[in-house]
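The values are calculated or read from the model by the stated rules, or taken from the named source; none is laboratory data. Keep in mind it's a predicted model, so treat the numbers as computed, not measured. With ideal geometry, Cβ positions are generated from the backbone for all residues, glycine too; neighbour counts draw on all protein chains shown. Just the protein is used for accessible areas: all its heavy atoms, side chains included, with ligands, DNA and RNA removed. Shrake-Rupley method; radii C 1.70, N 1.55, O 1.52, S 1.80 Å.
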Amino acid sequence: MEFKHISVLLDETVNSLNINPDGIYVDGTAGGAGHSSEIAEKLKGGHLYALDRDPDAVEVATKRLKDLPATVIKSNFCDMDKALEAYNVTKVDGIMLDLGVSSYQLDTAERGFSYHSEAPLDMRMSKEGVTAADLVNTLSVSELTKIMRDYGEEKFAYKIAQNIEKRRKISPILTTTDLSDIVANSYPAAARREGHPARKVFQAIRIAVNGELDILASALDTAFNMLNKGGRLSVITFHSLEDRIVKNKFKEYCTGCICPPDIPICVCGRKPQGELAFKKPITASEEELKVNQRSRSAKLRTVIKL
């Protein structure tokens with residue numbers, strides 16, 4: 001299996017974790033093990049646990065990390081506490097999450113993530129459960145519209161959903177090309193010049209299939225609670241929806257007193273649980289953008305457990 005994936009913000013992310021060679025670390029989204037390998041290379045007595053729900057990623061990461069102090073586990077990062085309990089691990093020194101879809105998943109046509117190649121309309125990261133085709137062929141116009149608006153910020157969502165319904169009455173929508181063509185034909189001609197019409201819709205359907213935003217807030221809480229004092233949680237996001245969740249969660253961890261401003265003395269007793277490692281998110285350098293255009297929307301945020 002050829003698993004090609006260029007790790008985004010590689011050095012920046014590994015550096016943000018402030019690796020202790022004797023520490024315990026978690027990569028909750030192992031993918032092609034790019035970040036995992038760099039973390040594990042720095043460990044001299046410590047250990048890395050690399051998680052991924054994609055069985056292809058688990059297979060590749062296992063091979064690439066076999067000579068390093070690392071254990072690969074097939075698990076969704078939202079279940080990392082349960083997954084690590086099996087290894088008697090309840091506290092760790094650092095956790096990283098590289099959210100979204102991997103280069104391998106996008107570039108492997110048969111996985112059905114990309115609108116550039118014809119393939120079964122799948123989009124399942126875990127290769128289990130409901131497919132994109134299932135959603136597109138069964139959800140109501142209002143449900144499809146909501147998914148495309150909420151997860152893709154697609155302004156032509158209702159028109160696209162109507163055309164999906166018209167098409168599936170004739171024949172099922174089974175391939176990426178089927179869906180991409182429907183989206184393109186739903187767009188006004190002028191709007192088609194603003195980038196590929198299907199980009200936002202494919203993002204929205206993918207998020208819905210994999211429950212990406214549904215699990216993110218609770219997964220961040222799980223990860224933050226697992227950190228030792230001084231431990232760090234670093235998260236790479238790729239679109240505004242997930243970045244907003246991460247930003248707001250980190251702000252919550254770093255917030256102290258929440259008493260009304262007209263009360264002169266704090267009575268809530270709330271203390272900040274964390275502090276930001278850097279005030280503004282780190283983005284890709286010009287050098288990285290030249291070799292990996294997929295890094296253009298990436299943002300890295302890190303919070304430190306107090």
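Structure above, values below:
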{"quantity": "Count of segment 283-306 residues which are open to solvent by 50 Å² or more (accessible area, probe 1.4 Å) and either at pLDDT 95 or above or farther than 14 Å from residue 240 by Cα (or both)", "calculated": "9"}
{"quantity": "Leading residue by the ranking (nearest to the chain's Cα centre (by Cα)) among those in segment 259-282 that are more than 30 Å from residue 15 (Cβ to Cβ), open to solvent by 90 Å² or more (accessible area, probe 1.4 Å) and not aliphatic (A, V, I, L, M)", "calculated": "261"}
{"quantity": "Residue list for segment 1-15, restricted to those being touching a His at 6+ places or on another chain (Cβ under 8 Å) and open to solvent by 40 Å² or more (accessible area, probe 1.4 Å)", "calculated": "10"}
{"quantity": "Selection within segment 231-253 - closer than 20 Å to residue 84 by Cα and not hydrophobic (A, V, I, L, M, F, W, C)", "calculated": "231, 232, 234"}
{"quantity": "Elements of type helices (runs of 4 or more DSSP H) contained in segment 149-240, each with 1 or more residues being surrounded by fewer than 18 Cβ atoms within 10 Å (Cβ to Cβ), within 16 Å of the chain's Cα centre (by Cα) and at pLDDT below 95", "calculated": "212-226"}
{"quantity": "Hey, residue 129 of a type outside the set (S, T, N, Q), crowded, with 20+ Cβ neighbours inside 10 Å and over 16 Å from the mean Cα position of the chain (by Cα) or not", "calculated": "no"}
{"quantity": "Selection from segment 284-306 of residues that are closer than 26 Å to residue 103 by Cβ, touching a Leu at 6+ places or on another chain (Cβ under 9 Å) and touching a residue at least 40 places away in the same chain (Cβ under 8 Å)", "calculated": "284, 288, 294, 295, 298, 299, 300, 301, 302"}
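Quick grid of which residues meet (1) touching a Ser or Thr at 6+ places or on another chain (Cβ under 6 Å); (2) among the small types (Gly, Ala, Ser); (3) touching a residue at least 24 places away in the same chain (Cβ under 8 Å):
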{"site": "105", "(1), (2), (3)": "no, no, yes"}
{"site": "123", "(1), (2), (3)": "no, no, yes"}
{"site": "158", "(1), (2), (3)": "yes, no, no"}
{"site": "163", "(1), (2), (3)": "yes, no, no"}
{"site": "166", "(1), (2), (3)": "no, no, no"}
{"site": "169", "(1), (2), (3)": "no, no, no"}
{"site": "184", "(1), (2), (3)": "no, yes, no"}
{"site": "195", "(1), (2), (3)": "no, yes, no"}
